[in-house]
Structure formats: structure tokens, C-alpha cells
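For reference, the structure is listed below as C-alpha cells.
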Protein chains: 2
Amino acid sequence: MFVLSSPSGAGKTTMSRALMAEDNEITMSVSATTRRPRPGEVDGVDYYFVSPDQFQSMVQENALLEWATVFGNRYGTPRAPVEAALAAGRDVLFDIDWQGTQQLQQTDAASDLVRVFILPPTLAELERRLTSRNTDHPDVIAGRMARARDEISHWGEYDYILVNDDAETCLNEIRAILKAERLRRKRQLGLAGFVRGMLGE
Amino acid sequence: MFVLSSPSGAGKTTMSRALMAEDNEITMSVSATTRRPRPGEVDGVDYYFVSPDQFQSMVQENALLEWATVFGNRYGTPRAPVEAALAAGRDVLFDIDWQGTQQLQQTDAASDLVRVFILPPTLAELERRLTSRNTDHPDVIAGRMARARDEISHWGEYDYILVNDDAETCLNEIRAILKAERLRRKRQLGLAGFVRGMLGE
């Protein structure tokens, strides 16, 4: 369970898409949300777009691994696809915020969690990136900057911290973390048998 | 503190030399030993070659971080160069066996330890590599194979396990582990100040 968190605009979505395009062992967890789709967003790819009633049903049926409310919209991780991917031996990538990460940390799967936080080089650079998207009103951007400060204040709850000065460098760092974490003894499930076979036991 | 352990012949020394040649942030810990130099080994580079009396003095003066006896020869890690390198913010590479690794695990620095074990693809391949060196008698090789089995039986005491099927693949895996471990929050000592500065606190 590989969590990428960052304030909006720090590069998390770019990194997630690049990873998904090149790495065949990882499945993206697609969140459910009650917010409206932005231009270009595809239902079932970027998010599952659901009504507030549908979201509330998912909460009540214990169908979400974690959920949170941000700017009045609800976001959550559907449980079934994550559990199916993990059972099939795949890794799962979560593009979630500190609230969701805290909730995953409280589940049985916490020992399998790898938490990566991406910082922007500066807040000024973050604001520049948010403004250049041109998709949001200035007051929305001000709200996002306040939220970015809140998100950043939770950096101490993550295992790895990256500073996204340069997208390719940052992506290489994420690749190294994934590669290393897959080499951890506890994640190489066939290893005990391999060594027993080698020693003829 | 980055530990590479493996049975003799599994590629540990090749990997260590390659890392030292390319990575400017890491210092190799040179062990002291009472065994005789092999052809080509240089005092102060491959080992510090010392007499049994000198070794015993180092033990008594608490000048060794860890030590062990293998085939009647003593091996140990001089403490001062390691502490100096760590104090200067450098990483230190240890080419030591499971006994030394266990002893480092019992020091104050245990939380900083990254333990990597390199397995050969098979014992037959290990024996082939040992034989092709042509530096040892057959009975010495039989002894090394017995010792290799003992070393391998301690694989469960390491954080990361690599199988050295191919030297370049194995080296890339070591590079990824080093890169990832350096990105751990707890190892980025300037990070708290960086984030405080960013948030204007």
C-alpha cells in the first residue's frame, strides 16, 4: 500500500500518472467523491463521481477504507478493489490526503503502508503552479493555499519526504522507494521457501 | 550505517567496490583482521592487518564496534573512523557477517542501521564462483561452503534481501535502497527547519 500525499499542485497527480503508465505491478486506487467533475475528468478513471446519498450508503455499508470531507465535498477509498488487488499480490497506489493516510494507518494493513509526502520547493512556487492551471477562481486558489499549509503541517506523519524541485528527479526518487520497498524481506513472500530449497531443508 | 552481508562469493565485495567508486556520500568501514593478507590485498584498504596481540588490545580498549572469530582469525570494525564519518554526516558501508551485524544491532546506533543480505542464486553457483577464484585449496572451499550455509541461515535478520543473479541488476537494487533510505524523513536532518521556513513559523 503505497500512499502519495502532497498539497494540491505539488505534483502528486503527475507522479501517479507517470507511475501507472510505466509500472505493471501497481494498481491505482480510484477514490469516490461527491464533488462535480472538472473539465476532462472521467468517471471511474479520475474518480468515481457519486451523489451524497450514494456516498453515505458506502460509509454505512463499510465499503470505504477511509473517507474525509474537504471544502464540503466527501472523498473516500472504495474497499473492494483495494482488497482484490492486494490479494492478487499487486501493489496499490493511493493519491490521498493526510486524513486518509491517518485512517489507513489505523487499519490492520498499517504495517504494509509506505507513506510518501511530496513538498513543493516553496509556497510561492506552489501558488504559481496552482494559478497557471487557470481552472480555478482566485478565491478558490486562496482556499487551496490555506489547505496546502494544513496538508504540509502533517509532513511528520510520513515515512519518506520528497521536495519536488524537478519532476523527473522526484519521479526517480519515487521509483527508488518503490524498488527498495519491494526488496524488503517481509514483502518477498516466496523467500522463505527459496532459502529452504537452497539449503536443502 | 549501511550493512552488506553475504556468503563469501555472492558478490558483496564487488558491490562494495562499485558503490565506493561512484557514491561520494559514503565511506567504507575498513575492518581489522588477524588473518594474513591474500595476494593483492592492501593494508589500510582491504583490511588493517594486525597481530593477535594488537587485536586483543583493540578489544580491551573498546576500540572496536563489533568483532568476531572466523576460521580461527579475528575480524573487527574500528570504532573511531566510523564515528568520525557519521559525525560528519556521511553514510558508512560495512562489509561484515551476521555476527557483526547482530552486534551493531545491539548498539545505540541500531535505529540508523540498514541491513542488506545478498543471496547467491544457488549454492552450486556459489561453489562455482569460489572455485573459479583459484585462490584457495579444495578443503578451504569446503569450509567456505559450510560457512556459507551458516551465513545464509541468518537471512531472516536483515531488512532487505537481494538475489545476485546478475551483478548489474543487484547493484541497481543496492543503489535504489541507498537512495530510498536517504529520503526517509528521519534521515533528512534539515527538513524540520526547511518546512518551518516554508510555513513562516
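Remarks
- Residue selected from region A:138-166 under the condition among the aliphatic types (A, V, I, L, M) and surrounded by 15 or more Cβ atoms within 10 Å (Cβ to Cβ), by the criterion farthest from the other protein chains (Cβ to nearest Cβ): A:Ile141
- The C-beta contact set for region B:11-32 (first residue in a helix (DSSP H, G or I), second residue open to solvent by 10 Å² or more (accessible area, probe 1.4 Å), distance under 7 angstrom, 6+ apart or interchain) comprises B:Lys12/B:Asp95; B:Thr13/B:Asp95; B:Thr14/B:Ala167; B:Met15/B:Leu171; B:Ser16/B:Met28; B:Ser16/B:Asp95; B:Ala18/B:Leu171; B:Met20/B:Met28.
- Any hit, region A:47-62, residues being over 27 Å from A:Gln106 (Cβ atoms) and not hydrophobic (A, V, I, L, M, F, W, C): yes
- Those residues of region A:33-67 which are acidic (Asp, Glu), part of a loop (DSSP other than H, G, I, E, B) and either open to solvent by 90 Å² or more (accessible area, probe 1.4 Å) or within 21 Å of A:Leu86 (Cβ to Cβ) (or both), in sequence order: A:Glu61
- Residue within region A:125-137 that is of a type outside the set (Phe, Trp, Tyr), within 25 Å of A:Val45 (Cβ to Cβ), in contact (Cβ under 8 Å) with a residue 60 or more places away in the chain and within 14 Å of chain B (Cβ to nearest Cβ) present: no
- Flag if B:Asp112 is modelled with pLDDT under 95, surrounded by 14 or more Cβ atoms within 10 Å (Cβ to Cβ) and either over 18 Å from B:Gly11 (Cβ atoms) or within 14 Å of chain A (Cβ to nearest Cβ) (or both): yes
- Filter result (facing chain B (nearest Cβ under 8 Å) and either more than 24 Å from the chain's Cα centre (by Cα) or touching a residue at least 12 places away in the same chain (Cβ under 8 Å) (or both)) within region A:176-191: A:Ile177, A:Glu181, A:Leu191
- Residue satisfying all of: in region A:1-14; in contact with an Asp or Glu (Cβ under 9 Å, 6 or more places away or on another chain) and of a type outside the set (Ser, Thr, Tyr); most open to solvent (accessible area, probe 1.4 Å) among these: A:Lys12
- Between A:Phe94, A:Phe55, the distinction of being farther than 27 Å from A:Gly156 by Cβ, at pLDDT 95 or above and of a type in the set (Phe, Trp, Tyr) belongs to A:Phe55 only.
- Among the numbered conditions (1) among the β-branched types (Val, Ile, Thr); (2) open to solvent by less than 50 Å² (accessible area, probe 1.4 Å); (3) within 8 Å of chain A (Cβ to nearest Cβ), the only one that B:Thr122 does not meet is (2).
- Among the residues making up region A:3-22, those that are at pLDDT below 95 and charged (D, E, K, R) are A:Lys12, A:Arg17.
- For B:Phe117, the test of being hydrophobic (A, V, I, L, M, F, W, C) and within 12 Å of chain A (Cβ to nearest Cβ) is passed.
- Residues that are outside any strand (DSSP E or B) and more than 20 Å from B:Ala80 (Cβ to Cβ), drawn from region B:1-10: B:Ser6, B:Pro7, B:Ser8, B:Gly9, B:Ala10
- Of all residues in region B:82-104, those being surrounded by 16 or more Cβ atoms within 10 Å (Cβ to Cβ) and more than 14 Å from chain A (Cβ to nearest Cβ) number 13.
- For region B:161-174, the set of residues classified as free of Cβ contacts under 8 Å to residues at least 40 places away in the same chain and part of a helix (DSSP H, G or I) consists of B:Glu168, B:Thr169, B:Asn172, B:Glu173, listed by residue number.
- In region A:179-201, the residue that is surrounded by the fewest Cβ atoms within 10 Å (Cβ to Cβ) out of those that are aliphatic (A, V, I, L, M) and at pLDDT 90 or above is A:Ala192.
The values are calculated or read from the model by the stated rules, or taken from the named source; none is laboratory data. All of these numbers come straight from a predicted model, not from anything done at the bench. Every residue, glycine as well, gets a Cβ built from its backbone with ideal geometry; the counts of neighbours run over all protein chains shown. Just the protein is used for accessible areas: all its heavy atoms, side chains included, with ligands, DNA and RNA removed. Shrake-Rupley method; radii C 1.70, N 1.55, O 1.52, S 1.80 Å.
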